[in-house]
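Engineer: First the structure, then my questions, so here it is.
The values are calculated or read from the model by the stated rules, or taken from the named source; none is laboratory data. All figures in this text were calculated on a predicted structure; none of them were measured in a lab. As a convention, Cβ positions derive from the backbone with ideal geometry for all residues, glycine included, and neighbour counts pool all protein chains shown. All accessible areas refer to the heavy atoms of the entire protein, side chains included, with ligands and DNA or RNA removed. Shrake-Rupley method; radii C 1.70, N 1.55, O 1.52, S 1.80 Å.
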Amino acid sequence: MIVMKMTIFKSNTTTAPVKDWAIPPDNYTKWMFQGPVIGDDEPETDSNQNQWLEPDNITVQELEQRVIRVQNVCRKRHLPSDTINNKEFFVDHLHNLVWCNVFKAASSSWLYKFNILGGYDRKFLGRTRQTPLMLARKKFPRPNAEELKDSINTPGVISLMIVREPFVRLLSAYRDKLENITPPYYRKLARAIVARHREDATKILGPIKSFGPTFYEFVAYLIHKHKEKDEKFTFDEHWAPYYQFCSPCAVNFTVIGKVETLKRDSAYVIQQLGLGHLLGRTTGDKRTRLRTVMNKSRDGKNTTSILKYYFSQLNENLLKDLLNIYGIDFEMFGYDPNVYQSFVRK
C-alpha cells in the first residue's frame, strides 16, 4: 500500500489586505478567454521543429520584466525575504536547474521533464503505475534550506517558477479535488466545508443536491478561515497563494514562467541550459497528454463560460474578500482581477 504525504502551508495572516493594483497587469486577459479551458497545461512542443531555437528579444525582455515586477511588489508590500519554503522545490545539480513545483500550474509537464532528467526511461514512464511526483522525489529529494540557497546562488543555475491566472488555478483545483471527490483527504475536507456552509449556500443558491461543496461554499470556507486568523489554518498545496508557496521574495527566481505562455517559456529554459538533446521535441508521456486533453474538453465550454458559471455564485463582497487572499498573486505576476467584476452577482 502506498501512503502519500500531503504538504500544507500556514496562511500568512499578518499580511495587510491588498486594496489596490497599482502596477498594470500583463496582457494575458485575452488568453483567459481564448486559451485552454480549466485543464492543466497547454502543449509545449511543435512537432514541425527539430531544434530548440534562440529566444527572441520579446521573450527575453518579457521574462526580465516579470522578475523585476516580482521584486517591486515584494518591496511595495513589505513581504518577507528571509525565509524560503523549501518543501516543494526540486534541485537538479547535474543540469543546473531549480524548480518550485506549483500544483495546477504545469506541474505534470515539468514533473515529466524532471523524471527524464533524473534518468528514467521514457517507456518505463509510459507504463509505470507510480505517480510522477513519487518517481521524481526518488531522484530529487526535498532539499534543506541551506542546500536550496546554495543551489540558487550558484552561477549558471536557472531557478524556475511557473504560475497561472490565480482564479483559473483556484477553480481548477476546486473542480479536481472537491467537486468530484476521490481522495479520502478531500472527502473529509468536503464534509467539513458542507457542514459549515451548506445552510447559507442553500439560502442563496436554492436546493443543493451535490455531496461535495459548491464553489460558493469552497470560497466561503477559505474566506472564513482567513478572517478567523486561526493559527492552525493551513492552505492546501493546490490552492496556496504563490507568494507564500514558492517564496519568490526570498528566492529571486531567474525565470518566472506562465501557463499562458508555457511553450516559449519552457523552450527558453531548455535552450539556455542545453537540455534539448535530453528532453526531445515531444512530451512523450501519453497519459499526461491524454489527461490534459480530457480536462480541457470535458465540459465542451470555453474558459469564459466556466468562469462565469462558478463565479456567478459569488457576490462583490465575496470577490473582494477572496482578493484579500489572492490579490498579491494577481499583482505580483501581472494578472487582471477586474474581469471578475462582471461575473459575480450584483
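Engineer: How many residues does the range 218-246 hold that are part of a loop (DSSP other than H, G, I, E, B), open to solvent by 10 Å² or more (accessible area, probe 1.4 Å) and in contact (Cβ under 8 Å) with a residue 24 or more places away in the chain?
Structural biologist: Filtering the range 218-246 down to residues part of a loop (DSSP other than H, G, I, E, B) leaves 229-233, 237-241, 246.
Then drop every residue that is not open to solvent by 10 Å² or more (accessible area, probe 1.4 Å), which leaves 229-233, 237-238.
From what is left, the residues that are in contact (Cβ under 8 Å) with a residue 24 or more places away in the chain are 229, 231, 233, 237-238.
Count: 5.
Engineer: Output the residues belonging to the range 133-152 that are touching a Phe, Trp or Tyr at 6+ places or on another chain (Cβ under 6 Å) and assigned to a helix (DSSP H, G or I).
Structural biologist: Hits for the range 133-152 are Ala136, Leu148.
Engineer: Test Lys113 against the stated conditions and say whether it is assigned to a loop (DSSP other than H, G, I, E, B) and in contact with a helix residue (DSSP H, G or I) (Cβ under 8 Å, 6 or more places away or on another chain). First the steps, then the outcome.
Structural biologist: Numbers: assigned to a loop (DSSP other than H, G, I, E, B): no; in contact with a helix residue (DSSP H, G or I) (Cβ under 8 Å, 6 or more places away or on another chain): yes.
So Lys113 fails the test.
Engineer: If a residue has to be over 27 Å from Ser107 (Cα atoms) and in contact with a strand residue (DSSP E or B) (Cβ under 9 Å, 6 or more places away or on another chain) to count, how many in the range 169-201 make the cut? Spell out how you get there, then give the answer.
Structural biologist: From the range 169-201, those over 27 Å from Ser107 (Cα atoms) are 191-192, 194-201; that's our starting set.
Checking the rest, the ones that are also in contact with a strand residue (DSSP E or B) (Cβ under 9 Å, 6 or more places away or on another chain) come to none.
Residues meeting the conditions: 0.
Engineer: What's the total number of residues in the range 197-234 that are in contact with a His (Cβ under 7 Å, 6 or more places away or on another chain) and among the basic types (Lys, Arg)?
Structural biologist: The qualifying residues number 0.
Engineer: Lys263 passes all but one of (1) more than 23 Å from Asn72 (Cα to Cα); (2) crowded, with 20+ Cβ neighbours inside 10 Å; (3) within 17 Å of the chain's Cα centre (by Cα); which number fails?
Structural biologist: (2)
Engineer: Condition check: open to solvent by less than 10 Å² (accessible area, probe 1.4 Å) and part of a loop (DSSP other than H, G, I, E, B). Does Val168 satisfy that? Break it down stepwise before answering.
Structural biologist: Values: open to solvent by less than 10 Å² (accessible area, probe 1.4 Å): yes; part of a loop (DSSP other than H, G, I, E, B): no.
So Val168 does not fit the description; no.
Engineer: Go through the range 70-86 and report how many residues are in contact with an Asp or Glu (Cβ under 9 Å, 6 or more places away or on another chain) and of a type outside the set (S, T, N, Q).
Structural biologist: Of the residues in the range 70-86, 3 are in contact with an Asp or Glu (Cβ under 9 Å, 6 or more places away or on another chain) and of a type outside the set (S, T, N, Q).
Engineer: So the check is Cβ under 7 Å with 6+ separation or different chains; which pairs have a first residue in the range 173-184 that's of a type in the set (Lys, Arg) and a second one that's in a helix (DSSP H, G or I)?
Structural biologist: Sorted first by the residue in the range 173-184, then by its partner, the pairs are Lys177/Tyr186.
Engineer: Sticking with this one: If Gly257 satisfies every condition in (1) crowded, with 23+ Cβ neighbours inside 10 Å; (2) under 28 Å from Ser312 (Cα atoms) but one, which is the exception?
Structural biologist: It is condition (2) that Gly257 fails.
Engineer: Would you mind telling me which numbered condition in (1) open to solvent by 10 Å² or more (accessible area, probe 1.4 Å); (2) part of a strand (DSSP E or B) His95 fails?
Structural biologist: So the condition that His95 fails would be (2).
Engineer: Can you tell me which of Ile193, Ile158, Ile181 is closer than 24 Å to Val269 by Cα and of a type in the set (A, V, I, L, M, F, W, C)?
Structural biologist: Values: Ile193 fails: closer than 24 Å to Val269 by Cα; Ile181 fails: closer than 24 Å to Val269 by Cα.
Step by step, each of Ile193, Ile158, Ile181 is checked, and only Ile158 is closer than 24 Å to Val269 by Cα and of a type in the set (A, V, I, L, M, F, W, C).
Engineer: Would you mind finding the one in Glu54, Glu44 that is in contact with a Leu (Cβ under 6 Å, 6 or more places away or on another chain), assigned to a loop (DSSP other than H, G, I, E, B) and modelled with pLDDT under 95?
Structural biologist: Details: Glu54 fails: in contact with a Leu (Cβ under 6 Å, 6 or more places away or on another chain).
Selected residue: Glu44, the only one of Glu54, Glu44 that is in contact with a Leu (Cβ under 6 Å, 6 or more places away or on another chain), assigned to a loop (DSSP other than H, G, I, E, B) and modelled with pLDDT under 95.
Engineer: Considering only residues that are out of contact with any Ser or Thr (no Cβ under 8 Å at 6 or more places or on another chain), open to solvent by less than 40 Å² (accessible area, probe 1.4 Å), modelled with pLDDT of 50 or more and not in a helix (DSSP H, G or I), which ones fall in the range 281-314?
Structural biologist: Leu314
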